[in-house]
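Have a look at the structure below, then the notes.
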Amino acid sequence: MKLRMAVLSHLVNLRDIPDLQGIEIGADSVSLGAMVTQHELIAHAGLGEAVPLLREAALQIADSQVRYLGTLGGNVANGDPDNDMPGLMQCLDATYQVTGPDDLRQIQARDFYESAYFTARADDEILTRLMVPIPAAGTGYAYEKQKRKIGDYASAAAAVLVGKGFASIAMTNLADVPVWSAEAGVALAAGDREGAVSAALAAIDPQEDMRGPVEFKRHVAGVVPRRAIDRALSRVAG
Amino acid sequence: MDNPMSTAFARDYWMQGKIAATKDGQITGLWCHTTADHGGFDACADPTKFPAGFMNICTGSHDIPTAHLSVDGVNTNKALGGVAYRCSFRVTQAAYFIECMIEVLAIKLNMDATELRRINFIRKDQFPYQSALGWKCDSGDYHTAWDKALAAVGYDDLRKEQAQRLEDFRAGKTRKLMGIGLTHFTEIVGAGPVKNCDILGLGMFDSCEIRIHPTGSAIARLGTISQGQGHATTFAQIIASEIGLPADDITLEEGDTDTAPYGLGTYGSRSTPVAGAATAMAARKIRAKAQMIAAYLLKVHDGDVEWDVDRFVVKGDESRFKTAKEIAFASYNQAIPGLEPGLEAVSYYDPPNMTYPFGADICVMEIDVDTGEHEVRQFYALDGCGTRINPMIIEGQVHGGATEGYAIAMGQEIAYDDMGNHKTATLMDFFLPTTWGTPTYQADHTVTPSPHHPIGDKGAGESPNVGSVPCFSKAVHDAFRPFGLTQSHMPDDHWRVWKIARDLGLHR
Amino acid sequence: MSKMHVKLTVNGAAVEGLAEPRTLLIHCLRENLGVTGPHVGCETSHCGACTVDMDGRSVKSCTVFVAQAQGADVTTVEGLVNADGSLSVLQEMFREHYGLQCGFCTSGTITRAHRFLQENPIPTEEQVRFGMAGNLCRCTGYQNIVKAILAAAEMMNAQDKPSSTEGVGQQKVETAE
Amino acid sequence: MMDDVQSPEERSAGLKGMGCSRKRVEDVRFTQGKGTMSTTSS
């Protein structure tokens with residue numbers, strides 16, 4: 001609308017729908033309303049305890065003012081491969097709840113993204129909530145993002161969770177969808193750091209943009225997850 | 001974003017150079033050829049007498065006996081080009097060119113570049129200095145500035161730390177290199193003398209008109225217009241010192257062409273060197289009349305009173321004086337034989353020469369070889385703008401100009417595709433630094449007044465841009481120098497720095 | 001798009017009128033209400049010159065539809081002066097430490113800094129730099145902006161300011177890594 | 001007059017002339033968003 005790319009007859013403000021709001025921390029998962037803002041993710045004390053990776057990533061999105069309004073739901077539902085949260089949600093193995101005229105259904109974040117701006121959500125559905133499993137106590141985590149400056153999308157970013165016999169790695173802005181590699185997680189869980197990085201790299205398909213040519217992105221796509229893995233490992237407790 | 005997309009916003013120069021020197025480092029000659037991209041059509045405020053702009057300062061701070069300069073202007077399918085904000089006459093390129101030439105020469109001669117500069121700097125006693133390109137540099141004390149700068153950052157210790165870092169890098173203990181950028185720049189601003197400079201035939205003098213009110217307050221109108229440089233503050237300070245009335249009682253008015261005296265405006269650090277000079281000259285006309293009024297009131301000859309801060313005092317008798325405020329009242333309200341009532345003056349100032357500010361910048365940068373990311377650890381900026389009117393404002397200009405330099409050197413680019421489409425049309429892709437990552441600057445100064453400017457001022461706005469752009473770039477070059485790098489192409493954003501490291505075989 | 005009835009509070013005064021829901025808050029403020037303190041810099045949420053305070057949050061008003069501001073309490077730079085019309089501590093510190101040059105970004109910068117200091121009354125320099133990164137300035141190099149905000153924080157704390165209800169619900173959240 | 005008892009240095013300081021880091025007179029307006037910008041319509 002603002003960019004003169006769409007002319008719409010109606011504008012619906014979703015902010016007043018209570019069901020789309022709220023951060024609820026359960027025993028083994030967290031339920032997040034689609035209209036929860038990045039700022040709320042950061043400010044919520046309990047969430048920072050339960051899923052610290054979420055807070056670490058949210059702090060690296062845009063700037064303070066944008067985080068006050070930018071919603072988690074908007075970030076993941078848009079299907080923009082530049083966005084940070086889709087990869088993060090795949091790393092965390094989140095489930096999206098979408099609601100249509102008749103029913104609601106659950107879609108795994110790892111199954112949601114089809115190509116840039118195309119997702120498993122139907123036109124008559126809206127994303128309403130996100131369910132994020134709480135990682136086991138002592139799980140190491142890191143969100144590493146290379147960017148040119150605050151406010152920029154990632155040149156390359158990696159989300160890592162690693163615990164006893166378990167690991168998950170996802171990457172951002174390195175293909176037309178977020179990149180989550182099952183093989184990379186398996187390798188890292190087995191303690192094979194280089195194998196994990198190689199597996200993740202096998203899954204990317206970066207495009208040239210103002211952040212650099214493909215070969216640059218391929219290279220930093222190897223560096224960034226290594227750093228994320230090292231930082232996550234350093235945080236493993238117990 | 002309309003500005004970079006559709007107006008003259010940036011310079012686009014391709015510079016080639018050759019430099020000649022004796023084996024012991026004495027520079028004997030310089031050759032420079034520039035290809036200047038002017039976009040779809042030329043929008044430069046080109047002085048018609050010097051269509052290349054002021055590339056004429058490309059010999060920099062050095063005593064170079066012979067120099068040759070040539071320029072080709074090229075039109076392309078880009079937006080109109082050639083002009084940039086802050087440093088509109090392309091002195092930054094000149095500084096970039098000569099500073100890179102010096103560094104390369106130091107490599108070829110296997111000399112320390114700081115020492116190579118010392119050998120070749122124009123000495124203090126050589127000023128006014130006639131340059132090989134035909135310009136007369138007004139004043140400078142480069143050796144003092146250089147030594148002060150190197151001492152301030154602890155240059156020798158920095159080099160030791162850098163050597164240790166290099167050893168650690170080679171031993172695989174770190175993936176970060178350390179680079180030290182050094183520049184000593186000489187500026188040419190204060191455009192300018194009508195005999196040399198014009199904009200399409202318009203002479204580049206400037207103007208000031210001052211009216212003292214009977215109350216002792218005053219209004220000054222100038223031919224320039226402030227864009228944030230603080231004219232209303234600093235020009236009042238010039239008048240305060242010249243006439244002895246408090247700056248707080250002096251109102252400045254600019255930008256209304258119905259009331260302002262004719263002038264050429266604000267750009268290229270010319271406001272203080274030209275309009276500021278006009279302000280001082282107009283004030284001095286007023287003070288000359290004030291002296292006659294004071295002498296009359298004190299019943300002595302004109303020559304028997306002398307100026308003392310804010311008053312004329314009878315020579316030899318401090319108790320007999322008339323303050324500027326008293327004189328202002330008397331000028332209107334007391335009949336003085338032979339003098340018109342009132343106290344006002346106007347000056348149209350055609351400067352006898354350009355002014356030549358100078359300075360030294362030193363940058364310490366950490367560079368991540370694997371990602372091309374950098375961190376500016378330290379940036380020292382010594383500014384020699386002559387007499388300092390408002391130190392706070394000058395330092396603010398240094399911070400701002402150096403930050404622009406940081407942007408230009410480290411990421412800013414107006415990129416086009418082959419069809420002439422603009423690829424950097426948002427403030428995300430067109431790199432503007434944010435609070436996060438922008439260096440903190442140590443501003444320092446030396447004072448070498450201009451001998452021909454009424455208050456010795458040289459102008460401060462452009463200098464930090466002129467010196468900092470090569471300084472940031474050279475910090476990058478310096479980090480990779482042990483591996484054979486001599487030059488790179490700006491901007492040194494992440495992928496270009498990464499590419500330097502890759503091309504030098506530094507990636508595993 | 002048909003017009004809607006919009007009601008909001010701007011700098012303490014209740015205002016209402018008809019506007020298309022897609023009208024941007026910045027345009028409503030500047031063109032309909034004559035509140036020209038916030039500036040239009042980029043219109044793409046990058047520069048921060050249009051920053052206003054909306055219900056205790058710093059927002060870029062070029063990215064807020066007026067429909068989203070329905071019922072909101074909006075404060076712009078004009079609303080930050082003391083009740084007697086004198087400059088607030090924050091404004092005064094910007095002046096004292098030369099935290100502005102051309103003034104274009106200043107209204108957004110000060111408005112953001114106002115909220116930032118509510119969120120984090122005792123910030124470090126690093127936290128100021130992180131929390132202010134959404135406001136671009138082309139003149140100052142930020143050094144004096146940071147200095148002004150740190151000085152304001154110190155003065156406001158020294159004054160032992162009574163706790164403000166504006167800060168409720170805002171925690172000290174923005175810590176740089 | 002007050003001036004009589006002031007030293008030249010004191011009188012000079014009172015002028016806020018050259019060399020003084022005088023606070024900007026512009027900033028009282030600018031810090032309140034009252035500057036006239038080229039984008040400020042009408």
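The values are calculated or read from the model by the stated rules, or taken from the named source; none is laboratory data. This is a predicted model, so every value here is computed, not measured. Every residue, glycine among them, receives a Cβ derived from its backbone with ideal geometry; neighbour counts consider all protein chains shown. We work out accessible area using only protein heavy atoms, side chains counted, and drop any ligands, DNA or RNA first. Shrake-Rupley method; radii C 1.70, N 1.55, O 1.52, S 1.80 Å.
Scanning the stretch A:9-19 for residues that are within 14 Å of chain C (Cβ to nearest Cβ) and under 19 Å from residue A:69 (Cβ atoms) turns up A:11, A:12, A:13, A:14, A:15, A:16, A:17. In the set (1) open to solvent by 20 Å² or more (accessible area, probe 1.4 Å); (2) in contact with a His (Cβ under 6 Å, 6 or more places away or on another chain); (3) more than 11 Å from chain B (Cβ to nearest Cβ), the condition left unmet by residue C:148 is number (1). Scanning the stretch C:117-143 for residues that are more than 14 Å from chain A (Cβ to nearest Cβ) and buried (at least 24 other Cβ atoms within 10 Å of the Cβ) turns up C:139, C:140, C:141, C:143.
Just give me the residues in the stretch B:472-508 being assigned to a helix (DSSP H, G or I) and either modelled with pLDDT under 95 or more than 14 Å from every other protein chain (Cβ to nearest Cβ) (or both), in sequence order. Give the steps one after another, and end with the answer.
As a first pass, look at the stretch B:472-508 and keep what is assigned to a helix (DSSP H, G or I): B:472-483, B:494-503.
Within the stretch B:472-508, B:473, B:474, B:475, B:476, B:477, B:478, B:479, B:480, B:481, B:482, B:483 qualify.
Of everything listed in (1) crowded, with 22+ Cβ neighbours inside 10 Å; (2) closer than 29 Å to residue B:105 by Cα; (3) modelled with pLDDT of 95 or more, the single unmet condition for residue B:463 is (3). Here residue C:53 meets each of (1) assigned to a loop (DSSP other than H, G, I, E, B); (2) within 14 Å of chain D (Cβ to nearest Cβ) with one exception, condition (1). Here residue A:195 meets the list (1) within 19 Å of residue A:87 (Cβ to Cβ); (2) part of a helix (DSSP H, G or I); (3) not polar (S, T, N, Q) almost entirely, failing just condition (1).
Among the residues of the stretch B:222-263 satisfying the criterion of being part of a loop (DSSP other than H, G, I, E, B) and at the interface with another protein chain (Cβ under 8 Å from one of its Cβ atoms), which is most open to solvent (accessible area, probe 1.4 Å)?
Kept after step one, since they are part of a loop (DSSP other than H, G, I, E, B), are these residues of the stretch B:222-263: B:223-230, B:244-246, B:255-263.
Now narrow it down to the ones that are at the interface with another protein chain (Cβ under 8 Å from one of its Cβ atoms): B:226-230, B:244-246.
On the way: B:226: 38, B:227: 101, B:228: 8, B:229: 50, B:230: 0, B:244: 7, B:245: 4, B:246: 43 Å².
Residue satisfying both the conditions and the ranking: B:227.
If the condition is being in a helix (DSSP H, G or I), open to solvent by less than 70 Å² (accessible area, probe 1.4 Å) and within 14 Å of another protein chain (Cβ to nearest Cβ), then the stretch B:295-327 contributes B:324, B:326, B:327.
No other residue among B:250, B:238, B:243, B:212 is more than 30 Å from residue B:161 (Cα to Cα), under 23 Å from the mean Cα position of the chain (by Cα) and either of a type in the set (Val, Ile, Thr) or in the same structural domain as residue B:474 (by TED's automatic domain parsing) (or both) apart from B:238.
In the stretch C:90-116, what count of residues is obtained for those that are under 11 Å from the mean Cα position of the chain (by Cα) and open to solvent by less than 10 Å² (accessible area, probe 1.4 Å)? Residues that pass the stated criteria total 10.
If you scan the stretch B:418-437, which residues turn out to be under 27 Å from residue B:152 (Cβ atoms) and either touching a residue at least 60 places away in the same chain (Cβ under 8 Å) or of a type in the set (Lys, Arg) (or both)? Steps first, please.
Taking the stretch B:418-437 and keeping what is under 27 Å from residue B:152 (Cβ atoms), we get B:433, B:435-437.
Answer for the stretch B:418-437, where residues must be under 27 Å from residue B:152 (Cβ atoms) and either touching a residue at least 60 places away in the same chain (Cβ under 8 Å) or of a type in the set (Lys, Arg) (or both): just B:437.
Scanning the stretch A:104-128 for residues that are open to solvent by less than 30 Å² (accessible area, probe 1.4 Å), among the aromatic types (Phe, Trp, Tyr) and out of contact with any helix residue (DSSP H, G or I) (no Cβ under 7 Å at 6 or more places or on another chain) gives a single hit, A:112.
Which is assigned to a strand (DSSP E or B), in contact with an Asp or Glu (Cβ under 6 Å, 6 or more places away or on another chain) and surrounded by 24 or more Cβ atoms within 10 Å (Cβ to Cβ), of B:381, B:443? Working first, answer last.
On the way: B:443 fails: surrounded by 24 or more Cβ atoms within 10 Å (Cβ to Cβ).
Testing whether each residue is assigned to a strand (DSSP E or B), in contact with an Asp or Glu (Cβ under 6 Å, 6 or more places away or on another chain) and surrounded by 24 or more Cβ atoms within 10 Å (Cβ to Cβ) leaves just B:381.
Answer yes or no as to whether residue B:350 is in contact (Cβ under 8 Å) with a residue 24 or more places away in the chain, among the acidic types (Asp, Glu) and open to solvent by 70 Å² or more (accessible area, probe 1.4 Å). First the steps, then the outcome.
Working: in contact (Cβ under 8 Å) with a residue 24 or more places away in the chain: yes; among the acidic types (Asp, Glu): yes; open to solvent by 70 Å² or more (accessible area, probe 1.4 Å): yes.
So residue B:350 fits the description; yes.
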